[in-house]
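The values are calculated or read from the model by the stated rules, or taken from the named source; none is laboratory data. Just so it is clear, the model here is predicted, and its values are computed rather than measured. All Cβ positions, glycine included, derive from the backbone under ideal geometry; neighbour counts span all protein chains shown.
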Amino acid sequence: MNSKRKGTIISPSLLSADFSKLADECADIERGGAKWLHLDVMDGSFVPNISFGAPVIACLRDKTNMFFDVHLMIDEPIRYIDDFVKAGAELITVHTEACSDVAATVKKIRDSGVHAGLTVKPATPVEDILPYLHQLHTVMIMTVNPGFSGQKFMPEMLDKIKTLASERERLGLDFYIEVDGGVGEANAALLCSAGVDVLVAGSGVFGKEDRKAAITALIEKGDNYNG
């Protein structure tokens with residue numbers, strides 16, 4: 001039995017949008033039914049790519065009402081929490097591997113008045129997150145190696161999702177389980193049947209001509225799995 005929340009959430013990843021018109025891209029997916037926006041911040045050190053930082057997020061904040069789901073793929077993210085809170089982040093998810101003090105980083109996020117999330121790279125055991133579950137709004141499972149969009153989904157990560165769903169039910173908690181990496185119509189039902197609540201979709205939304213249809217299809221797959 002999984003403990004999936006009611007109603008699948010789609011969090012389109014801005015990394016797959018047309019960067020020459022980000023405000024328009026955000027408006028398009030919001031009209032299409034997206035409630036969350038996934039914002040991948042990379043520093044070129046923790047992951048081998050550089051994306052964007054707090055100034056871009058701040059520029060978009062007054063252009064949309066979507067929930068800002070900020071994923072920090074940066075070393076020692078505690079240094080920049082204030083910047084991203086000021087920019088408009090509502091959920092800040094950090095990697096355990098990037099933090100010299102995970103507990104202090106989670107506390108800093110929560111004390112800043114926004115939601116805290118944790119994630120790990122595919123090679124890192126999900127057990128590294130379990131001690132912090134009571135303090136988290138979201139736990140994100142990476143189903144690709146972080147750093148670039150358009151990678152293929154790693155099905156072996158399903159065991160991590162099932163572990164989280166089991167712990168959530170056992171402990172009576174209500175954190176969201178989010179998945180990032182290679183998500184699309186082909187695996188949305190499988191993921192949600194394992195307990196996933198939030199699907200991060202990059203090319204699966206922004207790569208489609210009809211974003212509304214893409215978002216609707218993902219929600220329907222997630223909500224109507226045969227579990």
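From the list G184, G172, which one is under 20 Å from P146 (Cβ atoms), small (G, A, S) and surrounded by fewer than 24 Cβ atoms within 10 Å (Cβ to Cβ)? Steps first, please.
Numbers: G172 fails: under 20 Å from P146 (Cβ atoms).
When all the criteria are applied, what remains is G184.
Go through the stretch 108-136 residue by residue and tally those that are among the β-branched types (V, I, T), within 20 Å of F67 (Cβ to Cβ) and part of a loop (DSSP other than H, G, I, E, B). I'd like the intermediate steps shown before the answer.
Of all residues in the stretch 108-136, those among the β-branched types (V, I, T) come to 109, 114, 119-120, 124, 126, 129.
Narrowing the set further to residues that are within 20 Å of F67 (Cβ to Cβ) leaves 109, 114, 119.
Among the residues that remain, those that are also part of a loop (DSSP other than H, G, I, E, B) are: 114.
Adding up the residues that qualify gives 1.
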For T105, all conditions in the list (1) of a type in the set (S, T, N, Q); (2) modelled with pLDDT of 95 or more; (3) part of a loop (DSSP other than H, G, I, E, B); (4) touching a helix residue (DSSP H, G or I) at 6+ places or on another chain (Cβ under 7 Å) hold save one; what is the number of the exception?
(3)
Can you confirm whether T105 is more than 21 Å from D174 (Cβ to Cβ), surrounded by 21 or more Cβ atoms within 10 Å (Cβ to Cβ) and free of Cβ contacts under 8 Å to residues at least 60 places away in the same chain?
yes
Condition check: modelled with pLDDT of 95 or more and not in a helix (DSSP H, G or I). Does V139 satisfy that?
yes
Within the stretch 190-216, how many residues are surrounded by fewer than 20 Cβ atoms within 10 Å (Cβ to Cβ) and more than 23 Å from L22 (Cα to Cα)?
2
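Specify the residue that is surrounded by the fewest Cβ atoms within 10 Å (Cβ to Cβ); the eligible residues are those in the stretch 83-100 that are in contact with an Asp or Glu (Cβ under 6 Å, 6 or more places away or on another chain) and of a type in the set (A, V, I, L, M).
First, the residues of the stretch 83-100 that are in contact with an Asp or Glu (Cβ under 6 Å, 6 or more places away or on another chain): 91, 96, 98.
If we keep only those that are of a type in the set (A, V, I, L, M) too, we end up with 91, 98.
Numbers: L91: 25, A98: 22.
Ranking the qualifying residues of the stretch 83-100, first place goes to A98.
Residue-wise test of (1) among the charged types (D, E, K, R); (2) assigned to a loop (DSSP other than H, G, I, E, B); (3) closer than 16 Å to M140 by Cβ; (4) at pLDDT below 95.
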| residue | (1), (2), (3), (4) |
| --- | --- |
| E167 | yes, no, yes, no |
| E178 | yes, no, yes, no |
| L191 | no, no, yes, no |
| V196 | no, yes, yes, no |
| V205 | no, no, no, no |
| A213 | no, no, no, no |
| T216 | no, no, no, no |
| E220 | yes, no, no, no |
| G227 | no, yes, no, yes |
Pairs, please: C-beta under 6 Å, at least 6 apart or cross-chain, first residue closer than 14 Å to Y80 by Cβ and small (G, A, S) and in the stretch 32-46, second in a loop (DSSP other than H, G, I, E, B) and modelled with pLDDT of 95 or more?
S45/D75
Criterion violated by K63 - all others in (1) exposed (fewer than 15 other Cβ atoms within 10 Å of the Cβ); (2) at positive phi; (3) not acidic (D, E) satisfied
(2)
Collect the residues in the stretch 168-227 that are among the β-branched types (V, I, T), under 15 Å from the mean Cα position of the chain (by Cα) and under 13 Å from A34 (Cβ atoms), keeping them in residue-number order.
V198, V200, V205
Please return the ranges of strands (runs of 3 or more DSSP E) entirely within the stretch 1-96 where 2 or more residues are over 23 Å from C192 (Cα atoms) and of a type in the set (A, V, I, L, M, F, W, C).
36-42, 67-73
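Condition first: surrounded by 18 or more Cβ atoms within 10 Å (Cβ to Cβ), acidic (D, E) and either touching a helix residue (DSSP H, G or I) at 6+ places or on another chain (Cβ under 8 Å) or closer than 29 Å to A165 by Cβ (or both). Can you find one or more residues in the stretch 8-24 that meet it?
Of the stretch 8-24, the ones surrounded by 18 or more Cβ atoms within 10 Å (Cβ to Cβ) are 8-17.
With acidic (D, E) added as a condition, the list becomes none.
The answer is no, given that none of the residues of the stretch 8-24 is surrounded by 18 or more Cβ atoms within 10 Å (Cβ to Cβ), acidic (D, E) and either touching a helix residue (DSSP H, G or I) at 6+ places or on another chain (Cβ under 8 Å) or closer than 29 Å to A165 by Cβ (or both).
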